[in-house]
């Protein structure tokens, strides 16, 4: 939701700066680039947040897989122990 608002704010700021005469026509291209770069910082922040979320998801997924692997191997070890002792399965 922040991205459209920021891009719209940059667009409106450019228009208003020209309309109020705060910048000359020859400065419009430079002002446009600066305001666009400012808006792009929000894009960079969004990409960074998505990548952080993906990183945390992958860490959690790996932790679950490790836990599942540990449970499976302890279950296998317990089952093999019962077989060696010739106990009936649960």
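No value in this document is a laboratory result; all are computed from the given coordinates. Quantities reported herein were computed from a predicted structural model and do not represent experimental measurements. Don't worry about glycine lacking a Cβ; one is built from the backbone with ideal geometry, like all the others, and counts go over all protein chains shown.
See the values below:
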read-out	value
Label zone at residue 9, where the point sits 7 Å out along the Cα-to-Cβ direction: region 39-57 residues whose backbone N lies under 19 Å	39-49
Cα→Cβ-extended label distance, 7 Å offset, between residue 50 and residue 23, nm	2.8 nm
